[in-house]
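The values are calculated or read from the model by the stated rules, or taken from the named source; none is laboratory data. All values derive from a computational prediction rather than experimental measurement. Here the Cβ positions follow ideal geometry from the backbone for every residue, glycine too, while neighbour counts run over all protein chains shown.
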Amino acid sequence: MSPLALYQLVALVLLCAGLFGIVQRRSLVGMLIAVELMLNGAGLSIVAAGQLTKANAILGQLGTLLVMGLAAAEATLVLSIVVVVSRRFGTTRTSEVSTLKE
Amino acid sequence: MELMAKIAFAVYTLIILGGAVWAVTSQSLVRALVGLIATLLGVAGMYLLLNAPFMAFMQILIYVGAVCIIVFFAIMLTRAHADGEEAAPVPVRQYLWSLLAVLGPGAVLSWLILTRPAASMSTPVEVSLERLGQGLLEPYFLAFELISVVLLVAMSGAVLLAWERRGKK
């Protein structure tokens, strides 16, 4: 198995763990943690692809830096959304917050 | 040297696996956050193995230093204490459905990785910090500026969303 495939498999494990978490968690903060896991898997995959193939390594590293910046922006927004939701509903449980279908 | 790299890869993989499983199954959100931090540190080690020390540094600085603090604030501000939302054990059926949801994309992607391997080198490329900075300021200048705009907009949006006027209850 090539080294790149090993790194990609680890990244895939991170993606799967994040996907599992986002389906299974019942609170918004738990889902946020799962999303961070998925984004990290994406970053690892991009850097591995840039460093271990003939592709542009600079582009790989800077692309991951961009993913990190987006993750930080996303976490900030999710924090404020969670604060607003918990102020309005008194809980962040997803089953009680989803009132649109009632 | 080769053996050392393999051992380090195995150790980091174990840290990542354990941390990820802990992060998604722990019943206390603070413990889930600790699992997330372990995973992030493991990924930083992977970056070191990939000969990208700058990325490892940024991983620790941005993810462990900033994003995890934000998640911790989210836990604190919503008062997700030990007997909070995640305390009750998950029903087995929900576990099975979640595993089923993961199985689809996981199987397709791992099949693709294993059957269509890209031509890969055994030693990672060396990229100096100087060339990274040059890349940031010359060919990818627009992306660099745009990400700062995105961060600014996200932060002001967050302040606006969570704003509470004084005196208004």
Mind checking which helices (runs of 4 or more DSSP H) fall wholly inside chain A and carry at least 2 residues that are touching a Lys or Arg at 6+ places or on another chain (Cβ under 7 Å) and of a type in the set (A, V, I, L, M, F, W, C)?
A:28-52
Examine the range B:5-18 for a residue that is at pLDDT below 90 and among the hydrophobic types (A, V, I, L, M, F, W, C), and state whether such a residue exists.
yes
Condition met for residue B:123 (exposed (fewer than 14 other Cβ atoms within 10 Å of the Cβ), β-branched (Val, Ile, Thr) and at the interface with chain A (Cβ under 10 Å from one of its Cβ atoms))
yes
Of the candidates B:144, B:72, the one satisfying the condition of being surrounded by 13 or more Cβ atoms within 10 Å (Cβ to Cβ), more than 9 Å from chain A (Cβ to nearest Cβ) and assigned to a helix (DSSP H, G or I) is B:72
Could you please find all residues in the range B:28-80 being under 13 Å from residue A:71 (Cβ atoms) and of a type in the set (Ser, Thr, Tyr)?
B:63
Of A:58, A:22, A:46, which residue is farther than 30 Å from residue B:138 by Cα and of a type in the set (A, V, I, L, M)?
A:22
Search the range B:79-94 for residues being facing another protein chain (nearest Cβ under 7 Å) and modelled with pLDDT of 70 or more, and hand back the single one that is surrounded by the most Cβ atoms within 10 Å (Cβ to Cβ).
B:90
Go through the range A:51-96 and give me each residue that's within 30 Å of residue B:130 (Cβ to Cβ) and within 17 Å of the chain's Cα centre (by Cα).
A:63, A:64, A:65, A:66, A:67, A:68, A:69, A:70, A:71, A:72, A:73
Any residue in the range A:14-43 that is more than 7 Å from every other protein chain (Cβ to nearest Cβ) and more than 14 Å from residue A:78 (Cα to Cα) sitting within a Cβ distance under 8 Å of a residue that is of a type in the set (D, E, K, R) and assigned to a helix (DSSP H, G or I)? List the pairs, counting only those 6 or more apart or interchain.
A:18/A:36; A:39/A:74
Of the numbered conditions (1) buried (at least 19 other Cβ atoms within 10 Å of the Cβ); (2) closer than 26 Å to residue A:52 by Cα, residue B:11 fails exactly one; give the number of that condition.
(1)
Can you find a residue that is more than 7 Å from chain B (Cβ to nearest Cβ) and buried (at least 21 other Cβ atoms within 10 Å of the Cβ) anywhere in the range A:79-102?
no
